[in-house]
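Asks: Here it is, the structure, as structure tokens.
Quick note: the coordinates plus some simple rules give every number you see, no bench work behind them. As the structure is a computational prediction, the values presented were derived from the model and not from experiment. Ideal geometry is used to build each Cβ from the backbone, glycine not excepted, and the neighbour counts take in all protein chains shown.
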Amino acid sequence: MGLLKRINSWFGSIVRKRHIAIFDNDEKGWHADLSPAMLTTIGVAVVTLIFGVLLILVAYTPLLDLMPGYRTNAGRSREMLIRSIVRIDSLERKMNEMLTYNENRILVVSGKTPAMQSVKNDTLHRSKGFVAPSKADSLLRQKIENDERYRLNEKKPNAIVQNALNGVAPMYGLISERFNSHGLLGVRINGAKDAQVSAIADGVVVLSEWSPEAGHSIVIQHKDNYLSVYRHLSGVLLSKGERVQGAQAIGYAGSDKDAELSMLEFELWREGKAVNPELYIIF
């Protein structure tokens, strides 16, 4: 019985109204009769209303972009644009392959020699071949080369021998950051998730390591004192000391856990100096 009396007394004190008044210059202004239960109910309703308003603002306004840890609409749009460009580039390559195949079939049927194409190590990298020149073409070429009017100055100080490596692109994708932008010593390439990374030319692996900043990295020594560097790989297929051929797969481009694109940081060095890869390789 004592417990019931205490419960009834506590419940009565909660629902019992109190007179609340605000005085202004000794004159009674605003006043109301409220109980603790009513005050609690009003407080819960206000908090719920504020939470609902914030939830609507976050869900249906750009306010979410200002919160840390979330990708902005601009970032998502840029990622979608790069992904679309990569897909379009892949479709364009497949269409060109089909057109080349049909053109070669027509040449074969007509009795002509088609342009040769070779595929190395089961990758999509292709090295363009050529048709052997005819005797008349060789004579004409020799005549033009011997003519002073058509002879080029072979000692131009600013001349750059492009594609001296006869290299292939390390990964299919879109260059998102170019050489020497923000101190970058190479280029950054965005491609499909887990895209295959290939060696640009024949060489020997001189370094294969992992670091928290760059992930897996591979460095390959090529002829004529060229070094190619591949950073931010999710996995590697070669180890130090192994020989590698041009267009051979060496690893896979890394990406964030929830990202739909991968990123490769590629550098090209010659005689101890970083050079612009776009001057030597067609991406």
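Asks: Going by how many other beta carbons lie within 10 Å of each one, how would you line up Val236, Val58, fewest first?
Replies: Val58, Val236
Asks: In which sequence would Leu174, Leu184, Leu99 go, from the one with the fewest C-beta neighbours within 10 Å to the one with the most?
Replies: The order, fewest Cβ neighbours first, is Leu99, Leu184, Leu174.
Asks: What would the Debye formula give as log10 I(q)/I(0) at q = 0.27, 0.28, 0.29 Å⁻¹ for the alpha-carbon point model of region 174-215, no solvent?
Replies: So the normalised log intensities work out to -1.17, -1.14, -1.11.
Asks: Cut-off is 10 Å between beta-carbons; in what order do Val206, Val197 appear when sorted fewest neighbours first?
Replies: Lowest to highest Cβ neighbour count: Val206, Val197.
Asks: Does region 174-279 classify as rounded, prolate or oblate by the C-alpha gyration tensor (a ≥ b ≥ c root eigenvalues; a/c under 1.5 gives rounded; else a/b over b/c gives prolate, otherwise oblate)?
Replies: Here region 174-279 falls in the oblate category.
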